[in-house]
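Worksheet: the structure to be examined is printed underneath.
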Amino acid sequence: MKQRQPALLSLDNYYRDINEQVKDEHGQTNFDLPTAIDSDAFVQDLKRLLNGESLRIKKYTFNVRGQQEYIDIPYSKIILTEGIFLFNIPEAMELIDVKIYVELEEEIQLQRRLNRDVKSRGYD
């Protein structure tokens, strides 16, 4: 029997378009605010996975305008969700059985973010 991989649904793919972003108190676009995420779309897609559907979602390409890539997320009995603002979405919290919050020292957070941006997102 073929083992299925868990489905991974990441909040990183639910950032609103820059034209839809709320400005912070300084009038700047700030992607580090919960309002930067389209939480309604995330919850809708999570419900679809829970109902046995597979997804084809647009991959959010950070700082690359006009590029469109898609991610296929096949149905799985195990669904992993992750994202910095996940715990700020009450409806998602009601749908998730097991919740784990990982807290790290700021230095480790920064190093991981830099590594991710260089390797995964191609920043220099």
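The values are calculated or read from the model by the stated rules, or taken from the named source; none is laboratory data. Just so it is clear, the structure is predicted and the values come from calculations on it, not from any experiment. Positions of Cβ are generated from backbone atoms using ideal geometry, with glycine treated the same way; all protein chains shown enter the neighbour counts. For accessibility, only protein heavy atoms count, side chains too; no ligands or nucleic acids. Shrake-Rupley method; radii C 1.70, N 1.55, O 1.52, S 1.80 Å.
Label-to-label distance, Asp12 versus Gln44, with points set 7 angstrom from Cα along the beta-carbon direction: 2.3 nm. When the accessible area of the chain is split by element with a 1.4 Å probe, what percent falls to carbon and sulfur? Solvent-exposed carbon and sulfur of the chain make up 48 percent of the total. Compared with the dominant Cα axis of the chain, that is its longest principal axis, helix 39-50 is turned about 20°.
Can you give the translational diffusion coefficient of the chain in µm²/s, computed by Stokes-Einstein from the Kirkwood radius over Cα pairs at 10 °C and 1.306 mPa s?
98 µm²/s
Shown here for the range 22-124: GluC sites (Glu not before Pro) in loop regions (DSSP other than H, G, I, E, B) with at most 13 other Cβ atoms within 10 Å, namely Glu25, Glu53, Glu103, Glu105. The string of couplings for the range 23-33 from the Karplus curve (6.51, -1.76, 1.60, θ = phi - 60°) is 7, 7, 5, 9, x, 9, 6, 10, 6, 9, 10 Hz, one whole number per residue in order, with x for Gly and Pro. Taking every DSSP helix (H) stretch of at least 4 residues in the chain, weighting each as -39,500 (n - 2.57) and dividing the sum by the residue count yields a mean residue ellipticity at 222 nm of -7500 deg cm²/dmol. Of the trypsin sites (Lys or Arg not before Pro) found in the range 73-124, those in coil by DSSP whose Cβ has at most 15 other Cβ atoms within 10 Å are Lys77, Lys99, Arg121. In the full protein context, the chain carries 77 Å² of accessible surface per residue, based on a 1.4 Å probe and ignoring ligands, DNA and RNA.
How big is the dipole moment of the chain about its Cα centre under a simple scheme where the beta carbon of each Lys and Arg is +1, that of each Asp and Glu is -1, and everything else is neutral? Debye, nearest 20, please.
Dipole size: approximately 720 debye.
Counted over the chain, the DSSP beta bridges are approximately 65% antiparallel.
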